[in-house]
1. Taking the stretch 47-83, which residues are touching a residue at least 12 places away in the same chain (Cβ under 8 Å) and small (Gly, Ala, Ser)?
2. Which one of Asp64, Asp30 is modelled with pLDDT of 90 or more and of a type in the set (Asp, Glu)?
3. How many residues does the stretch 102-111 hold that are surrounded by fewer than 18 Cβ atoms within 10 Å (Cβ to Cβ) and in contact (Cβ under 8 Å) with a residue 12 or more places away in the chain?
4. Being in the same structural domain as Val26 (by TED's automatic domain parsing), at pLDDT below 95, in contact with a Pro (Cβ under 8 Å, 6 or more places away or on another chain) and among the charged types (D, E, K, R) is the requirement here; does Lys59 meet it?
Amino acid sequence: MFIFFCLSLWSLSGVFGVDEVKSVSVMEGDSVTLNINDADIMGDELILWRFGHSSIIAKINRKDNKRQFLDERLRDRLKLDQTGSLSITNTRTTDSGLYKVTSTRTETPLNTFNLTVYAHLPVPVITSSSGSSVSKCAFLCSVVNVSHVTLSWYKGNSLFSSISVSDLRKSLSLHLGCLDDSYSCVVNNPISNQTRHLNNTELCQPCSDDCVCCCGSTEAVIRLALSALVGVAAVAVLVYDIRSRCLQQKKREKTPLNSD
């Protein structure tokens, strides 16, 4: 029964958030503070910060306010306040990971933070593409060396198509048929985005002569409809003219007979 009681307490400690993971996001180059609640420390004198599984990166003795920074990579960019909260300046993507606060009283983490540092996003590049794998009049939107992003085509404010990756060091691209100027390509992560608007006037110029650049599909449909209407009207005028000539000819042929 005693063992069962201890196991139950250990399980409940996780349920009530003693080692709950708190997610924190920041842009590369910005500063971030991992705040701990003074009530969680419960009077502990020595507070330890660990990065990853076991590496101690900083510690503070709350009794004499003595601080130590032990990680060579982070040392010059770390700060500790009196409570033991940790600040990281000039953040880098390599700073992403788990940060745990422990004390001399217990090895169980008092707080755990999952820090994600996002790199600044590049502006998407839109080019006109051709080849056997895609139509000759098509747009290609791409970004390179990105991670944890979504690349999307929007028509106005409506999502047209998208693709997401968690980690990619080459390129990410989306194809789009040669359409109108209301399209834009957007690359985004959870805290930022970059947008490139489609300028098909420039991008359609490289198309070859055998390629029908339907940039502005609505305009093309309207032109086609107008052409059809003009054609129908021309045929109607021609038929009316022929019938009128036939009637006049018949009248002329009948007129001499009546005069006799």
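1. Of everything in the stretch 47-83, those that are touching a residue at least 12 places away in the same chain (Cβ under 8 Å) and small (Gly, Ala, Ser) turn out to be Gly52, Ser55, Ala58.
2. Asp30
3. Adding up the residues that qualify gives 3.
4. no
The values are calculated or read from the model by the stated rules, or taken from the named source; none is laboratory data. Keep in mind the model is a prediction, meaning the values are calculated, not measured. Virtual Cβ from ideal backbone geometry, glycine too; neighbours counted across all protein chains shown.
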